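Quick note: the coordinates plus some simple rules give every number you see, no bench work behind them. Since this is a predicted model, take the numbers as computed values, not measurements. Positions of Cβ are backbone-derived with ideal geometry, glycine not excepted, and every protein chain shown enters the neighbour counts.
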Amino acid sequence: MIVEWGAPIDATKFKLQYSMDNGSTWKPMASDFVTSNSYEWKVVPIPSKNKPKCLVKVDAYWVGYNGNDVKIGTDVSDAFTIEVASITAPTKDEIVPKGTVGYPVTWVTHGISEKVNSAQVLYTLGSSGIWQKATPTVVGVLTGFN
């Protein structure tokens, strides 16, 4: 994943951090300062479940006259989700005909190296917000890994 940002011309290096809890805690994204306006985030964390409200924070610095790093600005990204799994079918707002038997539900996983042995599939009728278990909810060894 490539992270890019704009910065003032006098910014010479950047400290990158990420948060998976809407900014309550921050962890380093890069082990040292970055000296360009982009960074390839090669090791995105793999949470146990999808994590909405993730953020990236960029602190911009320039080297002061005495050689010290002087922070000149900070910016925080819009929120994004780190996905562990996402449904590929049915798609959002797809209408499954009433009385359908055996409708396929498919998904992909991101960054999981182990095989998933079971999954629980839930559905809701319209926009009721009431989730019910689909039957069967346990499936054999699942495939579809990225």
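Quick look at the numbers
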quantity: Loop-located GluC sites (Glu not before Pro) in the range 1-99, at most 10 other Cβ atoms within 10 Å (DSSP); calculated: Glu94
quantity: The chain: C-alpha gyration tensor shape, a/c 1.5 cut-off, then a/b vs b/c; calculated: prolate
quantity: Length gained when the stretch Asp10-Asp69 is fully extended (0.36 nm per residue, less Cα-Cα span); calculated: 20.0 nm
quantity: For Asp69, distant residues with modelled amide H under 5 Å away; calculated: Gly64
quantity: Longest site-free stretch - the chain; sites: trypsin sites (Lys or Arg not before Pro), DSSP loop, at most 11 other Cβ within 10 Å; calculated: 50-91
quantity: DSSP bridge pairs, the chain: antiparallel proportion in percent, nearest 5; calculated: 95 percent
quantity: Reachable lysines, given that their alpha-carbon falls under 24 Å from the alpha-carbon of Lys42 and they are not under 8 places away in the same chain; calculated: Lys13, Lys15, Lys27, Lys51, Lys53, Lys57, Lys115
quantity: Rel. contact order, % - alpha carbon contacts under 8 angstrom, at least six apart, the chain; calculated: 18 percent
quantity: Fully extended contour minus Cα-Cα distance, from Ile130 to Ser77, at 0.36 nm per residue; calculated: 15.8 nm
quantity: Nonlocal amide H pairs with Ala119, under 5 Å, H built at 1.01 Å; calculated: Val139
